[in-house]
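Q: Could you have a look at this structure, given as structure tokens, before my questions?
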Amino acid sequence: MARALEPGALAPDFVLPGGRWDGETFTTGSYRLGDRRGHPLILAFYPQDNSAVCTRQMCSYSSGLEQFTDLGADVWAISPQGLDAHEEFARGNNLRMPLLADTERTAAKLFGVAAPGIGIRRSVFLIGPDGRVRWQHIALIGLTWQPVERLTAELSRTRA
């Protein structure tokens, strides 16, 4: 496994298919990291749609979405499942942030969080408006995640 990107590193660009649930429709499209330049972005890598821990994590982030957007940030959630699984996951849990399909683990490899056997390690990267990693957390054991309060505190601290 490649080393994870450290704070200060330029986040590598990628393009992944994804979709966003608006309460009625799951709209799909391409998501390119470089298109977010100028705005903070939270990338939340998670192992699997509809697993107990991932569902709690993504529901937490979706419920806290306004806290992120109030700070000017979007949240993109990334896992190795395809768009059909993401649509089911989003509809079933009313997840309102984009869910990106990293089926080849392209982004996970670029960020150093691809893991043999599990696909993707649970991790969060805060990308600043300048495209640099401002903060990251990679779980040693995938049963815990960073709460909204921690992410908004880090986002507030590193926004400049």
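Q: Taking the stretch 119-157, which residues are more than 13 Å from the chain's Cα centre (by Cα) and in a helix (DSSP H, G or I)?
A: If the condition is that a residue be more than 13 Å from the chain's Cα centre (by Cα) and in a helix (DSSP H, G or I), then Glu149, Arg150, Thr152, Ala153, Glu154, Leu155, Ser156, Arg157 are the ones that fit.
Q: May I pose another question? Can you name every residue in the stretch 117-126 that is under 17 Å from Glu6 (Cα atoms) and either among the aromatic types (Phe, Trp, Tyr) or open to solvent by 20 Å² or more (accessible area, probe 1.4 Å) (or both)?
A: If the condition is that a residue be under 17 Å from Glu6 (Cα atoms) and either among the aromatic types (Phe, Trp, Tyr) or open to solvent by 20 Å² or more (accessible area, probe 1.4 Å) (or both), then Arg121, Phe125 are the ones that fit.
Q: Taking the criterion of being open to solvent by 10 Å² or more (accessible area, probe 1.4 Å), in contact with a His (Cβ under 7 Å, 6 or more places away or on another chain) and either outside any loop (DSSP other than H, G, I, E, B) or over 18 Å from Pro12 (Cα atoms) (or both), would at least one residue in the stretch 101-115 satisfy it?
A: no
Q: Look through the stretch 127-156, keep the residues that are open to solvent by less than 40 Å² (accessible area, probe 1.4 Å) and of a type in the set (Val, Ile, Thr), and return whichever of them is nearest to Leu10 (Cα to Cα).
A: Result: Val133.
Q: May I ask you to list the residues in the stretch 16-48 that are closer than 21 Å to Val148 by Cα, part of a loop (DSSP other than H, G, I, E, B) and open to solvent by 10 Å² or more (accessible area, probe 1.4 Å)? First the steps, then the outcome.
A: Within the stretch 16-48, the subset closer than 21 Å to Val148 by Cα is 20-22, 36, 39-48.
Next cut, part of a loop (DSSP other than H, G, I, E, B) only: 22, 39-40, 46-48.
Result: Asp22, His39, Pro40, Pro47, Gln48.
Q: What single numbered condition from (1) open to solvent by 50 Å² or more (accessible area, probe 1.4 Å); (2) under 14 Å from Trp145 (Cα atoms) fails to hold for Thr69?
A: Result: Thr69 fails condition (2) only.
Q: Do we have Ala4 as among the aliphatic types (A, V, I, L, M), crowded, with 21+ Cβ neighbours inside 10 Å and either within 15 Å of Ile127 (Cβ to Cβ) or touching a strand residue (DSSP E or B) at 6+ places or on another chain (Cβ under 7 Å) (or both) here? Full working, then the answer.
A: Values: among the aliphatic types (A, V, I, L, M): yes; crowded, with 21+ Cβ neighbours inside 10 Å: no; either within 15 Å of Ile127 (Cβ to Cβ) or touching a strand residue (DSSP E or B) at 6+ places or on another chain (Cβ under 7 Å) (or both): yes.
No: the conditions fail for Ala4.
Q: Also, quick follow-up: Taking interchain pairs and intrachain pairs at least six residues apart, which have beta carbon atoms under 8 angstrom, with the first residue in the stretch 34-50 and under 26 Å from Ala139 (Cβ atoms) and without any contact (Cβ under 8 Å) to a residue 60 or more places away in the chain and the second crowded, with 22+ Cβ neighbours inside 10 Å and aliphatic (A, V, I, L, M)?
A: What qualifies is Asp49/Leu99.
Q: On to the next question. Working only within the stretch 49-66, note down all residues that are assigned to a loop (DSSP other than H, G, I, E, B) and crowded, with 22+ Cβ neighbours inside 10 Å.
A: The initial filter retains those residues of the stretch 49-66 that are assigned to a loop (DSSP other than H, G, I, E, B), namely 49-51, 64.
Once the filter is applied, which keeps residues that are assigned to a loop (DSSP other than H, G, I, E, B) and crowded, with 22+ Cβ neighbours inside 10 Å, the stretch 49-66 yields only Asp49.
Q: Right, something else. Consider Ile78 against the criteria (1) among the β-branched types (Val, Ile, Thr); (2) out of contact with any helix residue (DSSP H, G or I) (no Cβ under 7 Å at 6 or more places or on another chain); (3) under 23 Å from Asp22 (Cβ atoms); (4) crowded, with 22+ Cβ neighbours inside 10 Å: it satisfies all of them except one. Which criterion is unmet?
A: (2)
Q: When the stretch 89-100 is examined, which residues are found to be of a type outside the set (Gly, Ala, Ser), open to solvent by 10 Å² or more (accessible area, probe 1.4 Å) and assigned to a helix (DSSP H, G or I)?
A: Of everything in the stretch 89-100, those that are of a type outside the set (Gly, Ala, Ser), open to solvent by 10 Å² or more (accessible area, probe 1.4 Å) and assigned to a helix (DSSP H, G or I) turn out to be Arg91, Asn93.
The values are calculated or read from the model by the stated rules, or taken from the named source; none is laboratory data. This structure is a prediction, so every number in the text was calculated from the model and none was measured. Ideal geometry is used to build each Cβ from the backbone, glycine not excepted, and the neighbour counts take in all protein chains shown. To get the accessible areas, we keep the full protein, side chains included, count just its heavy atoms, and leave off ligands, DNA and RNA. Shrake-Rupley method; radii C 1.70, N 1.55, O 1.52, S 1.80 Å.
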